[in-house]
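Remarks on the structure that follows.
The values are calculated or read from the model by the stated rules, or taken from the named source; none is laboratory data. Here the structure is a predicted model, which means the values were calculated and not measured. We place every Cβ from the backbone using ideal geometry, glycine too, and count neighbours over all the protein chains shown. Accessible surface areas use protein heavy atoms only, side chains included; no ligands, DNA or RNA. Shrake-Rupley method; radii C 1.70, N 1.55, O 1.52, S 1.80 Å.
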Amino acid sequence: MTILQLLRRILRGFQALVHKRREEQDLDAELRTYVEMAIEHRMQSGMSRREASRAARLEMGSLESVKNEVREATWESTLGTLWQEMRRAPRTVSKDPLFIAVTLLTLALGIGASTAMFSVVNGVLLRPLPFPDPDRLVTLWETEVATGNRSRVPPGNYADWARSDHFFLGMGLYGSMVRTITGDGEPERILGAQVDGGYFPTLGVAPLMGRYIVRSDCREGAARVVVLSYGLWQRRFGGRDVVGTRLVLDGHHCDVVGVMPRGIYPTWPATAGGILFDKRYQQFWVPMQLGTFASSRTSHVFGVLGRLKSSATLNEAQGAMSALAANLAQAYPDANAGEGIVVTLLEDELTGSVRPALVMLLSAVGLLLFAGCANLAILSLARGAARMRELAVRAALGATRGRLIRQMLVENGLLALAGGLLGALVATAALPSLLALVPAGLPRLNRIAVDGRVLVFTAGLSFLTLLLFAVLPAVQIIRADPQESLRVESRGGTAGRGRERTRLVLVVVEMAVACVLLVGAGLLARSYAELSSVGLGFDPNRVSVAELSLPVDTSLQEAATFQQQLLKRVRALPGVVSAAVAYDHPMSASWIDSFRIPGNPKDDTAAWLRIVSPDYLETMRIPLRKGRTFASTDDGAHRRVAIVNEAFVRRFFSNRNPVGRRLVIPAPTRPNAPEFHEIVGIVGDVHSLGPSAEAEPAFYIPMAQFPQADFNLVLRTMSDSSTVAQELPDAVRSIDPSVPLGQITEMGDLVEITTAQSRFSALLVGLFGALAFVLAGTGVYGLLTYTVGQRTREIGVRFALGATPADVTRLILRRTLTITLVGVGIGTAVAAGLSHLLRSLFFRVAALDPLTFGTAAAALFIVSFAAGLIPVRRAARIDPLKALRDK
């Protein structure tokens, strides 16, 4: 059955209940009519309403007993009474279609938005990692004690860490790896990891078929083997049995020994000490064979996994590793001085960066739902007040307060149930659009869905909304004295003070919630604007980046020749303005290298290394500050040169001109490169880690003097780059058919990724704030409209006593101002506290930014004033004679 058919069936059911002949008339309704007739008859004879009501009830004792007998005969239990109320509820509720429409729309939007956001939070934050005892899995990184900056781990230090088994069941080492598959279909560039024998046992996950990599595979001279991911196995091999077959990786035959199940695997450690969990980095695993590289303590290239013992805590493990770091600093001061070790949960590596934003968004949508419930409570109070006479007569006939409360809860519960169902449908329909807005790289996106847990959340949310918008109005109405309600209704008096105070409180709550959301939206919007305004140091417009990888055994000369031929062919393509190759593009930073400056008191320093070809700086439009850029003559046959950025000059040369000075590259880290590089130029800073991060010191060296097998092709086009992108594969194949072209990305898209989370948060909170803003305005309008209607007689008396329309206008506007002032005051205080908790999400914006707080308050005062104009004009035009006569 489709959703449309279901809705049609529900609509037909409501219509059938509305139009069904009332074969079983409600006995209470009949008695109410009889009582009213009896009271009116006695009042015509001169009795007061109270005396007439008392007399009618005394004479109806026999009818009361008949009523009880009929009730016992028809409904023999409380369950039967409840069933009767449930049958009556659709007929009663359907008498007010406008109330139904507003209620269902509010609940559908509020519950739908909350359910959709909870689906994201559930898929990303609440689901455990697919490993045994995931709360025992940790990652370990090196860190600079002075700054707290994290970095990857050198293999020599890891060997000492792995021997420290007091708190760990095991450790595993992993590093990024790029390979090219050939010989079975089209050549394909795949990304994965090289791992040691402790990697898979530490994770504790069994292979889907075959086996995983063990320690014997990592010994020198062992046979080449590979383990495939589930995604690569399905996509390239169709899910057939591949264990025991051979693949050609970078020209070498490798035996497939296993396939891993679906999951989230740490494979790609980032230079700054983190893990890239994108699925494209998790396609295969090969054994790690370090050889003599195993003793290096200066090459920070690997990530480390650990599994805590059941008796160990994270704090105990952190203390033990910190002590070990101190020992290593004493034993190897040249490499480990000032270095520490940080231990974090793997779960935090996966979700730590997005958890604050998602929790904030879920809280924001919860506040929006709360404001919607407050609005519905105001409507429910107004509707209940309109039914006060009916409820009072029912109470006068003997209906208990429990019976009356149950009746209202059943009616509102029916609406809450329908609102919950519509909310689930809205969430299901809106989830794809929400996921389209989610920042790229958010982990576990494929696990976000409206599943059983989310539906349970929706059911609980529907019950909560029932409590919020139905129980309070029911209690307020039922607490009223039936006789007083009948007397007030008969003479057109105002509502009780308790109900009036309740409405005021609810409108104040709406104002406060709207203020909190508007302030949050304003701070996030300003933060995103500040983030977007940061100059990145290059021009990303009309620039494309293509990834390429040559076989690992490609010689330096072969790599240089391939790059020269590629640039020659690409520059000849129509629409290409300029082209260059680089190990990292401007929005990527993956290589930190150490160096020495002759005459510098520091023995050893490090900075980001950028290996680029001539024309790279011109292609990316990175400004030259002093000296010159690289030339075609800066190759292996000429003196070694380097270019540094301004941050490099500030940190290592105290802003003095370094052109002509030399950098000394230690031979152990790069044995194939000469040690001395003369600084020939200074360029502007590039924010490679994103606009929110400060530009780091970096030095550039020519690709021709240090060719790389893995590199990026960057090219600037005249306009649309799609035509060039289509011709790039042919250009690469014309040089070497076995080299695949990797992913092609627009530089503008890479830049947007760095601000996507800020944009996502600002957009959603802004949307929630706008909805809360509208709810606050409608709440004020509804309250004032109801107040004017209830106080018509009072206003007429004021006019009769000489009050002017201006006096009445000031009276109502003063009430509006008071409500808004209290609501904004409470909301401002709450927003100030929350903004301090969320200040990590802001960029260059103070948590107590006066402009944002002032704008939010002014907007709420304006909407309150606008919402009060129509009720104020209506009150000012009241005819006192008509008001007194009608009432």
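Per this entry, G148 is not counted among residues that are farther than 30 Å from T605 by Cβ and over 24 Å from the mean Cα position of the chain (by Cα).
Of the residues that sit in segment 269-303 and are touching a helix residue (DSSP H, G or I) at 6+ places or on another chain (Cβ under 6 Å) and β-branched (V, I, T), which one is nearest to L350 (Cα to Cα)? Per the stated criteria, the residue is I275.
Here is the figure for segment 299-312: residues that are open to solvent by 20 Å² or more (accessible area, probe 1.4 Å) and touching a residue at least 40 places away in the same chain (Cβ under 8 Å) total 6. Select from segment 812-828 the residues that are of a type outside the set (D, E, K, R) and free of Cβ contacts under 8 Å to residues at least 24 places away in the same chain and write down the one among them that is nearest to I870 (Cα to Cα). Among them, the one singled out is T818. Within the option set V552, V507, being surrounded by fewer than 16 Cβ atoms within 10 Å (Cβ to Cβ), at pLDDT below 90 and not acidic (D, E) holds for one residue only, V552. Return the pairs, sorted by first residue and then second, in which the second residue is open to solvent by 20 Å² or more (accessible area, probe 1.4 Å) and polar (S, T, N, Q), the first residue lies in segment 368-385 and is under 21 Å from G769 (Cβ atoms) and at pLDDT 80 or above, the beta carbons are less than 7 Å apart, and the residues are 6+ apart or on different chains. Partner pairs satisfying both residue conditions: G372/T106; N375/T106; N375/T778; L376/T106. The residue of segment 531-544 that is modelled with the highest pLDDT, among those that are of a type in the set (A, V, I, L, M, F, W, C) and within 28 Å of the chain's Cα centre (by Cα), is L536.
Restrict the check to segment 670-683 and report whether at least one residue is within 21 Å of V751 (Cα to Cα) and either at pLDDT 90 or above or in contact with a strand residue (DSSP E or B) (Cβ under 7 Å, 6 or more places away or on another chain) (or both). Yes. Of all positions in segment 189-211, at least one carries a residue that is in a helix (DSSP H, G or I), open to solvent by less than 30 Å² (accessible area, probe 1.4 Å) and of a type in the set (S, T, N, Q). Only residues that are in contact (Cβ under 8 Å) with a residue 12 or more places away in the chain and either in a loop (DSSP other than H, G, I, E, B) or among the basic types (K, R) (or both) were counted in segment 212-237, giving 11.
Being under 40 Å from the mean Cα position of the chain (by Cα), among the charged types (D, E, K, R) and farther than 29 Å from N336 by Cα is true of R621.
Suppose the filter is among the aliphatic types (A, V, I, L, M) and closer than 19 Å to S176 by Cα; does L290 pass it? Spelling it out, L290 is indeed among the aliphatic types (A, V, I, L, M) and closer than 19 Å to S176 by Cα.
Return the residues of segment 704-729 that are more than 40 Å from the chain's Cα centre (by Cα) and part of a helix (DSSP H, G or I); say none if nothing qualifies. Scanning segment 704-729 gives A704, Q705. As a summary of the residue check, R526 satisfies the conditions (1) assigned to a helix (DSSP H, G or I); (2) closer than 25 Å to T723 by Cβ except for the one numbered (2). Return yes or no: is R662 out of contact with any Pro (no Cβ under 8 Å at 6 or more places or on another chain) and either open to solvent by 30 Å² or more (accessible area, probe 1.4 Å) or without any contact (Cβ under 8 Å) to a residue 60 or more places away in the chain (or both)? No, not satisfied.
For every residue, the table says whether it meets (1) more than 39 Å from the chain's Cα centre (by Cα); (2) open to solvent by 30 Å² or more (accessible area, probe 1.4 Å); (3) within 30 Å of A607 (Cβ to Cβ).
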| residue | (1), (2), (3) |
| --- | --- |
| Y265 | no, no, no |
| P269 | no, no, yes |
| L276 | no, yes, yes |
| T292 | yes, yes, yes |
| R297 | no, yes, yes |
| Q318 | no, yes, yes |
| A325 | no, no, yes |
| Q330 | yes, yes, yes |
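Within segment 332-347, the set of residues being in a helix (DSSP H, G or I), open to solvent by less than 50 Å² (accessible area, probe 1.4 Å), out of contact with any helix residue (DSSP H, G or I) (no Cβ under 6 Å at 6 or more places or on another chain) and not charged (D, E, K, R) comprises A335, L346.
Of V257, V286, all but one fail to be of a type in the set (A, V, I, L, M, F, W, C), part of a strand (DSSP E or B), closer than 12 Å to G175 by Cβ and open to solvent by 10 Å² or more (accessible area, probe 1.4 Å); the exception is V286. Here A803 passes the criteria (1) outside any helix (DSSP H, G or I); (2) within 30 Å of P691 (Cα to Cα); (3) open to solvent by less than 40 Å² (accessible area, probe 1.4 Å) except the one numbered (2). A search for C-beta distances below 9 Å between a residue of segment 159-171 that is closer than 23 Å to S299 by Cβ and any residue that is outside any loop (DSSP other than H, G, I, E, B) and open to solvent by 80 Å² or more (accessible area, probe 1.4 Å), counting only pairs 6+ apart in sequence or on different chains, returns A159/S295; D160/N327.
For the residues L848, L884, L869, L837, the requirement of being surrounded by fewer than 18 Cβ atoms within 10 Å (Cβ to Cβ), over 27 Å from A803 (Cβ atoms) and modelled with pLDDT under 90 singles out L837.
For segment 580-603, the candidate set comprises residues that are surrounded by fewer than 20 Cβ atoms within 10 Å (Cβ to Cβ) and closer than 16 Å to F653 by Cβ; within that set, the residue that is modelled with the highest pLDDT is I597. For E558, the requirement of being more than 41 Å from the chain's Cα centre (by Cα) and either of a type in the set (D, E) or under 23 Å from D720 (Cβ atoms) (or both) is met.
Suppose the filter is more than 20 Å from L368 (Cβ to Cβ), open to solvent by less than 30 Å² (accessible area, probe 1.4 Å) and in contact (Cβ under 8 Å) with a residue 40 or more places away in the chain; does T745 pass it? Taking the combined requirement at face value, the residue satisfies it.
When the residues of segment 109-141 are filtered to those that are open to solvent by 30 Å² or more (accessible area, probe 1.4 Å) and part of a loop (DSSP other than H, G, I, E, B), the one that is farthest from A320 (Cα to Cα) is R127.
Residue-by-condition table, conditions (1) assigned to a strand (DSSP E or B); (2) surrounded by fewer than 20 Cβ atoms within 10 Å (Cβ to Cβ); (3) out of contact with any strand residue (DSSP E or B) (no Cβ under 9 Å at 6 or more places or on another chain):
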| residue | (1), (2), (3) |
| --- | --- |
| T143 | yes, yes, no |
| N157 | no, no, no |
| G172 | yes, no, no |
| M177 | yes, no, no |
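The one condition from (1) at pLDDT below 90; (2) touching a Lys or Arg at 6+ places or on another chain (Cβ under 7 Å) that P737 does not meet is (2). Under the condition of being within 14 Å of L276 (Cβ to Cβ) and either in a helix (DSSP H, G or I) or among the hydrophobic types (A, V, I, L, M, F, W, C) (or both), the residues counted in segment 432-447 number 2.
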